[in-house]
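The values are calculated or read from the model by the stated rules, or taken from the named source; none is laboratory data. Treat the numbers as computed from the prediction; the structure is a model and nothing was measured. Here the Cβ positions follow ideal geometry from the backbone for every residue, glycine too, while neighbour counts run over all protein chains shown. Calculation scope for accessible area: heavy atoms of the full protein, side chains included, ligands and nucleic acids excluded. Shrake-Rupley method; radii C 1.70, N 1.55, O 1.52, S 1.80 Å.
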Amino acid sequence: MTLGAVDDYYHLIRKRERRQFEEFLRQIPEKRQFGNMLYLQGISGVGKTTLLDQFAKIAKGMNFEWILVNGKDSMYSEGLFVQQLFQTLGKDDKYHDSPVIDSLQRAASIINGIVKNKSVVFAIDGYEYILSQDVFIRLHLISKLDPRVRIVITSTQMLPSHWLTDLHPQWRITFKEVQPFSYQEVLNLLSSHHLDVNTCNTIWKITRGHALSIALALSMIQSNAYVSLEHVHDGVIDEMSRYWYECIPDSKLKDLVTVSSLLFQFNQEILEYVLQKEIPSSLFHQLTSLSFCRPSKKGWYIHDLVREAVYTNFQRRLPNLYNEYIKRCAFYYYHRLKDSFKKQQDGLVEKFYHFYFFTGVPYVQDLYFKGKVQSTNYFEWMNPSMYQEVLDYIQRRKQSVTLSAEQIELDGMTEEQHLTIICNEFELIRPQELLEFGGDSVRLLRNEDREMIGLSIVLPIHKYIDYLREQPVIGHYLHYASKSESDLKQGSNWFLRMFDSIVPMTDEIVRSDILKGILSYIGPNRFLVTSIAYPGLGMVLESLGFQRIPDLIHYDFGENFPASTFVLDLRGENFYSFLDNKMEQAGYALPRSHKFSFTRREQEVANLLLCCKTNEEIADDLHISIVTVKKHIGNIFQKTGVKNRAQFIHLMLQS
């Protein structure tokens, strides 16, 4: 595979990175904003080498001496690195198999001699290949260079922590993650190849802006004008999954990567649950050390590009095993959520997000579960200083709507009809009241540049019920449910008034952010009400477990747009019924542990075993001693004929 197809049109992409590199070179030594070392980290195939080629052109155009060493060509020994370095410097005659340390220091002296008369950039491409030589290179080459030398290093690995502690303070390091191309960059790139919009959008969905994947897709299209986009999708997935697997040293580690790719976030516990066997800590450490593994607040995750290629390939190659693992993932989060009813826990949004994914219907998965694992967008509570910003957003929103093809098909509405509903919906909102509600009801969705890109309005019914009864949209339901009004005045009851974004809903990340915004209000002992005029969104809500009230229709969003009201009641035992129904709708038969004649206490312990609780956690939850826990577990294993927890979980899932 080659990046030539991308490289030829590089002027259309990476403009921000190229501009930052120019600023990096133009810095005055005494006032260096970016430091004197640039460390570029990114997954394989994202385009680091091609970006470095562009940096070389920029540096040479600014009259810098460009000195480049390729780590991949030097991966087998320190001697190869030194030999290549002297060849690059044009000083082969100075290299005579001297000790590595002496040779590296001599090379540093040569570079320091050059920088006295001319600005220098020293670059190493593919540092991950020579990590075994890191001590020699860092201590006897890098640290010996004149601080006037600009250094650029690319790697799939994170910057080794000892670089920050071992190097002299005069070496200031700027870390940059090389991201895949943005949607607009991909559109510009593909349009230059005279591809139509539908083909461009399809390639974007397949590649997510990954440079090597784009090059592969382009080569397939250019070599066969009649190739179908479905064939391109399958070809890219097959080739890229092979590419990623080549980075994995052994079969056991490949199994862990495969299972991890099914999850948006993972830890050792859930991998053991899905595989139903213990995983050595050393093997798990190898997994999390792979270049495409990233740490998160709740564990780790596989880079989105790798994850999608690997799990899609797994689904096609071994569909039965894939379905079995998906079922086990669903059961893991099913038991985790059941446990949350008794003991309020952090991370409910993530648990529900996973649970809905593993029990959801395909069209909802395609619409709302394709965004990045770690979105850079975030919700922020409204305060008085944001009032004008919200007003400006509302005005812009009334003039703009961009839909995805999936949304248009799902709702059966035109963009003009959507815009009419949006305008009518915002006409019903009084901005001054948003200011009054702001502290606990109104949130702004912001991107990483702190720009407002969305608005969330969720009102606590139990707090504002008298006011809401007289308002459009929600007032219809409160009059309808007047007999149960006393229940709505207490507890945790919420009216989901709006989850909106001005970003085109073709943006999968924003769609995912909006779903997570809704999920942040779903939990044990909660009651939710919402009302919408979009047929497709109604189907999505029903897939999330909301129930449509059949005889409650209103026209507050326009006389041509009938709106339905939906409720999700998770109070008391309804929470358990909700989880059970979602599992059964997904086709997963629930464990029938009663056939083993467990005692009441044994049943409680068995349920906690299915939640992967330790003996100490079970003892704490049930207020019994660890000795008693071990006794109950022994009885459970004896009655079921199993020898360990993994076998017990497997038996329960099969029963």
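Any idea which of (1) open to solvent by 40 Å² or more (accessible area, probe 1.4 Å); (2) of a type in the set (S, T, N, Q); (3) assigned to a helix (DSSP H, G or I) is the one residue 179 doesn't satisfy?
All conditions pass for residue 179, except number (3).
Being open to solvent by less than 40 Å² (accessible area, probe 1.4 Å), of a type in the set (Asp, Glu) and under 16 Å from residue 52 (Cβ atoms) is the filter here; which residues of region 123-155 pass it?
Listed by number, the list holds a single entry, 125.
Please work out which one of (1) part of a loop (DSSP other than H, G, I, E, B); (2) under 20 Å from the mean Cα position of the chain (by Cα); (3) surrounded by fewer than 22 Cβ atoms within 10 Å (Cβ to Cβ) is the condition residue 278 fails and give its number.
(2)
Here's a check for you: in region 615-643, which residue that is surrounded by 13 or more Cβ atoms within 10 Å (Cβ to Cβ) and in a loop (DSSP other than H, G, I, E, B) is modelled with the lowest pLDDT?
In this case the residue turns out to be 642.
Has region 578-594 got any residue that is more than 30 Å from residue 484 (Cβ to Cβ), of a type in the set (Asp, Glu) and open to solvent by less than 60 Å² (accessible area, probe 1.4 Å)?
So far as region 578-594 goes, no, none of its residues is more than 30 Å from residue 484 (Cβ to Cβ), of a type in the set (Asp, Glu) and open to solvent by less than 60 Å² (accessible area, probe 1.4 Å).
Do we have any residue at all in region 501-519 that's out of contact with any Leu (no Cβ under 6 Å at 6 or more places or on another chain), without any contact (Cβ under 8 Å) to a residue 12 or more places away in the chain, of a type in the set (D, E, K, R) and not in a loop (DSSP other than H, G, I, E, B)?
No, every residue in region 501-519 fails to be out of contact with any Leu (no Cβ under 6 Å at 6 or more places or on another chain), without any contact (Cβ under 8 Å) to a residue 12 or more places away in the chain, of a type in the set (D, E, K, R) and not in a loop (DSSP other than H, G, I, E, B).
Collect the residues in region 442-454 that are assigned to a loop (DSSP other than H, G, I, E, B) and either touching a residue at least 12 places away in the same chain (Cβ under 8 Å) or in contact with a helix residue (DSSP H, G or I) (Cβ under 7 Å, 6 or more places away or on another chain) (or both), keeping them in residue-number order. Please lay out each step first, then the result.
Of all residues in region 442-454, those assigned to a loop (DSSP other than H, G, I, E, B) come to 447-451.
Listed by number, the residues that qualify are 447, 448.
Filtering region 320-351 down to residues that are modelled with pLDDT under 80 and part of a helix (DSSP H, G or I), which residue is surrounded by the most Cβ atoms within 10 Å (Cβ to Cβ)?
Here is the first cut: in region 320-351, the residues modelled with pLDDT under 80 are 340-347.
Cutting the leftovers down to part of a helix (DSSP H, G or I) gives us 340-342.
Values: 340: 19, 341: 17, 342: 12.
Once the filter is applied, the top-ranked residue is 340.
For region 380-393, enumerate the residues that are buried (at least 18 other Cβ atoms within 10 Å of the Cβ), of a type in the set (A, V, I, L, M) and in a helix (DSSP H, G or I).
386, 390 - these are the residues of region 380-393 that are buried (at least 18 other Cβ atoms within 10 Å of the Cβ), of a type in the set (A, V, I, L, M) and in a helix (DSSP H, G or I).
Report, by residue number, each residue of region 121-144 that is aromatic (Phe, Trp, Tyr) and in contact with a strand residue (DSSP E or B) (Cβ under 6 Å, 6 or more places away or on another chain). Walk me through how you get there before you give the answer.
The initial filter retains those residues of region 121-144 that are aromatic (Phe, Trp, Tyr), namely 122, 127, 129, 136.
Answer for region 121-144, where residues must be aromatic (Phe, Trp, Tyr) and in contact with a strand residue (DSSP E or B) (Cβ under 6 Å, 6 or more places away or on another chain): 122, 127.
Kindly indicate the residue of region 297-319 that is in a helix (DSSP H, G or I) and within 28 Å of residue 580 (Cβ to Cβ) and also least open to solvent (accessible area, probe 1.4 Å) among those meeting that condition.
Step by step, filter region 297-319, then rank; the result is 311.
Being outside any helix (DSSP H, G or I) and buried (at least 16 other Cβ atoms within 10 Å of the Cβ) is the filter here; which residues of region 182-201 pass it? Outline the logic, then answer.
Within region 182-201, the first condition is being outside any helix (DSSP H, G or I), and the residues that meet it are 182, 192-196.
Within region 182-201, 195 is the sole residue that qualifies.
Being part of a strand (DSSP E or B), open to solvent by less than 10 Å² (accessible area, probe 1.4 Å) and not hydrophobic (A, V, I, L, M, F, W, C) is the filter here; which residues of region 455-494 pass it?
Selection gives 456, 460, 493.
Condition check ((1) surrounded by fewer than 17 Cβ atoms within 10 Å (Cβ to Cβ); (2) at pLDDT 90 or above) across all residues:
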site: 503; (1), (2): no, no
site: 507; (1), (2): no, no
site: 511; (1), (2): no, no
site: 531; (1), (2): no, yes
site: 537; (1), (2): no, no
site: 548; (1), (2): yes, yes
site: 555; (1), (2): yes, yes
site: 563; (1), (2): no, yes
